[in-house]
Amino acid sequence: MCGIVGYLGSKKTLQVLLDGLRRLEYRGYDSAGISIGARGKEIKNIKSVGKIAALAQAIGNQEIDGDFGIAHTRWATHGGVTEKNAHPHHDCKKNIFLAHNGIIENYRELRAKLLEEGHKFYSETDTEVLAHLIEKFFSGNLENAVISALKLVKGSYGLAVIAKDDPEKIVVAKNSSPILIGMGNDEYLVASDASAILDHTKEVVYLNDGEIAVITLQGVEFTNLANQKLDKKKEVLEWNISEAQKGGYPHFMIKEIFEQADSIKNSLAGRLMVKEGNAKLGGIENIAEKLRDIDRLIITGCGTAYLAGLVGEFMLEEYAGIPVEVEMASELRYRKPVLDKNTALLCISQSGETIDTLVALREAKMKGLPTMGVVNVVGSTIARETEAGIYNHIGPEVSVASTKAFTSQLTILSLLTLFLGRQRQMSLVTGQRIAKELNALPKLIQKVLEQEPEIKKLAKKYYKSNNFLFIGRKYNYPVALEGALKLKEISYMNAQGCAAGETKHGPIAMIDKDFPTFAIAPKDSVYEKMISNIEEIKARGGSILAIATQGDKEIAKITKDVIYIPKTLEMLTPILSVIPLQIFAYHCAALRGYDVDKPRNLAKSVTVE
Ligand code: F6R
C-alpha cells in the first residue's frame, strides 16, 4: 500500500526522506514524490513514476534540501499511474503540500463543490481534494485549517501536511490508516510504518483515529478533531527493520490474513449504499447499460481467483438471476465456448498480469464481448485491457499464497451482485439486507481473527498429517477447494477439496484414522446435509475438524475440534469461513518449517505459459 515519511530536524531532510522511502519499498508502489520546505522559500515538489531510484534521478543535482519535508510512495487507487497523480499533492497556490494514505469516500462531492468555488484541479486522485479543502480554510495556521477540512471528510486517512506559509511544521492526522510519530533527539519523524524511521529512533507515538499531531521544533502537540489537547505516551519499539516491515508478524502471509478486517473495509469504502440497497461501482458505469442487457456472464481466473469466481456464480445466480459460467482461464483460452453478444466476460486477477487470464480476456474481446475485471493492481495489463472494472483497493499482497485478495474478490462479487441484481429482479428490501450484512463484515472478520490461538492449537495437533480432505456444500464448496489449495501450496501436505455430497462417490474410500477432514458446516440451507456427510466420515474412523456457526451445539457433539464463525447471510459465509482455513494452513506450514511466503515451485504472478 502507499507509504508516508516526514522529517523535521537538523539532518539532511532530503536524505532522511529518500532513505525512509527506500525502507518502505517492500510494500509495493508505482510512483513516488517528495516535498521539502525551508523558511521563507517556496516548497520544492518532485515526483516520478516508477522506483525511488527514478525519483532520486529526477532530483539529480537540484538544490532541494530544506528544514522540513514529507515524502510518499503511491500505490494507485483513484487515477492511473502518472506523475500528476503521484503524491505529495498541493493546492492552487502551492502553499499546502500533503501525503495521504487511504481513500476519501466523498471526494466526488467535495471536488464538485471546490470546483464551483474556483479551485483548479490537476490530478484524478481523491487526495487532491484534501489539499484544496485545507487551502480553503487556511489563514496562517496549518493545524486549524487541517482540522476544519477533516471535519468535512468521509473516509480513511493517514495524512502528513506542510505549508510554505506556516513553515517548520508538519501536521499529521489519522483515521483508519496507520501513522506514527518518531521522537528523536531534537528531531521528529512521521511514518505510516515504523520501518521507515527505525534508523533514527525507536521511540514512537502511534496516533489513534480522530487524533492530530502538530510537530514543530519545540516538540509535538497532540489534539483531536475537537481541538482538545491530548496526553499521549511514547512507546519503545523492539523491532528490527525486517520485523517492522511485517508489522511485527513473522511472515507476510499472517500479516495479510490479519489485515482482512481493514482490507474489506477498503474494498467497500464509498461503494456500499445501504439505504438504497445498492452498490456504486464507478469503474463499470461506462458499461452499465450494456450490463442491463446481458443474459449470461462468464467468469474466469486462475487458482484462488477462479475459486472466488465459483462463489460469485452462486451469488449472481441466486440474487441477480443471471446465468453464470465459471471457467479456469487456462481452459477457456483453448476452447471454443459459445459466445453471443449478450454474454459478458468477468476476469478476476489479483496481479492483473496472469497470462492465462489475459489471453482468455483477449479472445473474448476479439469476439466482441463486453469485458470487466476485478483486479487489485491498478494499471496492470488486465486492468488496462478490460473495458470496465472494479479495483480491490487492498494494497499489495506480498505473500505468494493469496489470502486478503480472495476475501476482497468475494466482497467485490457481492457488490456486483447487488448492482446487477438491482438492475433486474432484486427488491429494495433484499438489497438493503445484503448491504447491511456487508457493512457488518469487518467487525465479524475481527471476531474470526481473534480465534487464531485456537486455530493454531488445531494446527499443532494435525500438522504432521500427510493427507487432508476439505468438504463443503453450496457457497462453502468453493471454500473447501480454497482451504485445500492453501494447505497444499504452502505446507506441501496432500490436501483435496471436495463437494461434501460427492465424498461418497469416491473420495470417502481414502478415509481412515490418519486421514482427517475439515468440514465447513455453517448453519445455512444445507446444514442438515453437511451433518449427514460428517457422520458418514466419522463412521469410517475419520477425524473431523469443523467450521460452524456461533452457538451451534449440535456439531460440538460430533466433533470437539470446532472453530466458530459469527452468523451472517448465507452468501457471505465464505468471507468468514475461509479465514480459519487460511490461518490453519499458515500454522501447519510454519510448524513444518517451510518458507511460508515463498513456497517452492510457485511465483506470485504467473506471467509466462
Ligand atoms: C493461490 C494463489 C494463486 C493465484 C493465481 C491467480 O494462493 O495465489 O492460485 O490466485 O495464480 O493469480 P492472480 O489473481 O494474480 O491472477
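Computed from the coordinates by the stated procedures, all read-outs in this text should not be read as laboratory data. Keep in mind it's a predicted model, so treat the numbers as computed, not measured. Because the Cβ atoms are built from the backbone with ideal geometry, glycine has one as well, and the counts that use them run over all protein chains shown.
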Original post:
What is the dipole size for the range 452-609, taken about its Cα centre, with +1 at each Lys and Arg Cβ and -1 at each Asp and Glu Cβ, in debye to the nearest 20?
Top reply: 380 debye
Subject >> Surrounding net charge for T343, when Lys and Arg each add one and Asp and Glu each subtract one, Cβ distance under 10 Å >> reply: 0
**OP:** Can you tell me the 0 to 90 degree angle between the C-alpha axis of helix 452-462 and the longest principal axis of the chain, rounded to 10?
**Re:** 40 degrees
Original post:
Gap in Å between the Cα centre of the range 324-377 and the Cα centre of the range 400-442?
Top reply: 21 Å
Subject >> Paramagnetic reach from A440 (point 7 Å along Cα→Cβ, amide N under 20 Å) across the range 546-585 >> reply: 548-553, 564-580
**OP:** With everything on Cα atoms, drop me the angle between helix 477-491 and the longest principal axis of the chain, reported from 0 to 90° to the nearest 10.
**Re:** 70 degrees
Original post:
Hey, got the dipole for the range 3-237? About the Cα centre, +1 on K and R Cβ, -1 on D and E Cβ, debye to the nearest 20?
Top reply: 180 debye
Original post:
Taking the alpha-carbon centroid of each part, what is the distance from the range 117-186 to the range 4-61 in angstrom?
Top reply: 18 Å
**OP:** Would you mind ranking I181, I64 by Cβ crowding within 10 Å, fewest neighbours first?
**Re:** I64, I181
**OP:** Specify the angular offset, from 0 to 90 degrees and rounded to the nearest 10, of the alpha carbon long axis of helix 107-116 from the longest principal axis of the alpha carbons in the chain.
**Re:** 40 degrees
Original post:
With a 10 Å Cβ neighbour count serving as the proxy for reagent exposure, in which order, fewest first, do C2, C302 appear?
Top reply: C302, C2
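Suppose R0 equals 30 Å; then what is the FRET efficiency for V429 and Q550 from their Cβ-Cβ distance, rounded to the nearest 0.05?
Taking R0 as 30 Å, the efficiency between V429 and Q550 is 0.75.
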**OP:** Past 22 Å, Cα to Cα, is the threshold; run K255/K280; K41/K169; K504/K538 against it and keep the listed order.
**Re:** K255/K280
**OP:** Go through K456/K560; K290/K474; K164/K233; K202/K456; K120/K154; K460/K598 and tell me which ones have a Cα-Cα distance over 25 Å in this structure.
**Re:** K290/K474; K164/K233; K202/K456
Original post:
In the chain, what % of DSSP beta bridges are antiparallel (nearest 5)?
Top reply: 60 percent
**OP:** Kindly put I412, I520, I241 in sequence by how many other C-beta atoms sit within 10 Å of each C-beta, fewest to most.
**Re:** I241, I412, I520
Original post:
What is the Cα centroid distance between the range 504-541 and the range 256-313, reported in whole angstrom?
Top reply: 32 Å
Original post:
Between K94 and residues 5 or more places away or on another chain, which pairs have amide H atoms under 5 Å apart, with H built 1.01 Å from N, and which residues are they?
Top reply: none
Subject >> Label-to-label distance, nm, for residues given as L339 and R292 (7 Å Cα→Cβ offset) >> reply: 2.5 nm
Original post:
Translational D (Stokes-Einstein, µm²/s) of the chain at 37 °C and 0.692 mPa s when Rh comes from the Kirkwood sum over C-alpha pairs?
Top reply: 129 µm²/s
Subject >> Net charge of neighbours whose Cβ lies under 10 Å from the Cβ of G140, counting Lys and Arg as +1 and Asp and Glu as -1 >> reply: -2
